[in-house]
Amino acid sequence: MAYQTIQQEYLQIPVVTRAYTTACVLTTAAVQLELITPFQLYFNPDLILRNYQVWRLITNFLFFGPVGFNFLFNMIFLYPLLYHIHSEPLNCICMCVCL
């Protein structure tokens, strides 16, 4: 069995799974490093409609709280779920229709 670098392993992850988990990790890291605050991420319809802060439509799904066991377990359970959904197109279609 050939040794694969971390980059090769990372690039073997399906695109949607890789993009979403990377966005979650980067968002959480930005909050942990105090580059942004959680108050800039939460869903607020008034700020979206009146101040045109449209990023709030997406960022509320990317932040799972501070780095700790909760974040770790969210990532551990989220990765296989996304990988399974992405690997079978019928599951992905059913999931999108149900949501």
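Read-outs: derived from the displayed coordinates by stated rules, not from any lab. What you see is a predicted model, and the numbers here were worked out from it, not measured in a lab. FYI the Cβ positions are ideal-geometry reconstructions off the backbone, even for glycines, and counts take in every protein chain you see.
Note on the stretch 1-39: residues that are touching a helix residue (DSSP H, G or I) at 6+ places or on another chain (Cβ under 8 Å), in contact (Cβ under 8 Å) with a residue 24 or more places away in the chain, assigned to a helix (DSSP H, G or I) and surrounded by 15 or more Cβ atoms within 10 Å (Cβ to Cβ) amount to 8.
Filter the stretch 40-58 for residues that are surrounded by 12 or more Cβ atoms within 10 Å (Cβ to Cβ), part of a helix (DSSP H, G or I) and not polar (S, T, N, Q) and give the result. Listed by number, the residues that qualify are L47, I48, R56, I58. Any chance you could count how many residues in the stretch 29-47 are under 13 Å from N60 (Cβ atoms) and not aliphatic (A, V, I, L, M)? Qualifying residue count, the stretch 29-47: 7.
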